[in-house]
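The values are calculated or read from the model by the stated rules, or taken from the named source; none is laboratory data. Remember, predicted model here, so these are calculated numbers, not experimental data. In this analysis, Cβ positions are derived from the backbone assuming ideal geometry, glycine residues included, and neighbour counts consider all displayed protein chains.
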Amino acid sequence: MKLRTMALLGIVFVVVSGSSCATKKYVRNRVNERVTPLENRTGELEETSRRNTQEISRISRDVEEVRGRADRAQQAADRAASAAEQANTRVTGVEQSVSDLRGNLDKYTLQKTVTILFDVNKSDLTPEATSTLTQLASQIKDRNGFLLEIQGFASAEGDPEKNERLSQARSEAVKKYLADALNIPLFRMYILGFGTSRPVADNSTKEGRIQNRRVEVRLLSNNAIASPSR
């Protein structure tokens with residue numbers, strides 16, 4: 001009887017133990033069935049999040065690049081607009097200057113004429129010539145609205161073409177001295193060489209030829225510009 005009881009208890013223990021192991025395995029399998037899809041889904045979500053982060057970063061870079069191009073385009077447009085405005089201002093100024101010049105073109109009057117004499121076949125200035133030019137320059141110092149018309153001439157003896165060149169060289173010599181030594185602006189001086197034309201005396205006489213070897217410096221003043229008070 002005792003042995004039978006012990007055998008029965010052993011059988012019950014084995015059955016209970018087997019049943020307990022089967023229950024744990026069942027639970028573990030059920031948990032795995034629930035956890036595995038969740039883990040897979042979590043991985044998918046993490047991958048999607050990673051891709052979204054990369055895409056957001058790319059879009060942000062693209063936006064910044066587009067914004068930079070827009071800023072540069074705006075700056076270029078602003079510079080172009082500024083340049084156009086400056087060009088319009090310059091054009092307006094030039095047009096006004098041309099208009100003023102045309103309006104004042106006939107307002108120049110002859111103030112005085114000085115005559116510079118030269119030796120035969122020479123274009124060098126004599127001491128008397130430099131003294132006369134210095135006196136003229138002192139009268140127009142610090143003045144505006146004046147022009148100097150420098151006309152060169154020659155006497156009739158010799159080659160006509162040579163006399164043409166000589167009259168031009170004499171005008172150039174006067175202009176150079178006025179600019180270099182007396183600081184007269186070049187834009188206020190105009191030179192002309194007339195050769196043997198427009199004689200002021202008889203070329204058949206020595207005295208007449210002396211008078212014809214000359215440069216006439218004509219001082220023209222613009223009436224629209226008042227001279228400074230002295």
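Some notes on this structure:
- Residues of the range 127-151 that are surrounded by fewer than 19 Cβ atoms within 10 Å (Cβ to Cβ) and polar (S, T, N, Q): Thr130, Ser131, Thr132, Thr134, Gln135, Ser138, Gln139, Asn144.
- Those residues of the range 123-150 which are at pLDDT 95 or above and either of a type in the set (Ser, Thr, Tyr) or part of a loop (DSSP other than H, G, I, E, B) (or both), in sequence order: Ser123, Asp124, Leu125, Thr126, Thr130, Ser131, Thr132, Thr134
- For Ala154: the one exception among (1) more than 13 Å from Val215 (Cβ to Cβ); (2) surrounded by 15 or more Cβ atoms within 10 Å (Cβ to Cβ): (1)
- Considering residues of the range 182-202 that are outside any loop (DSSP other than H, G, I, E, B) and without any contact (Cβ under 8 Å) to a residue 40 or more places away in the chain only, the residue surrounded by the most Cβ atoms within 10 Å (Cβ to Cβ): Leu186
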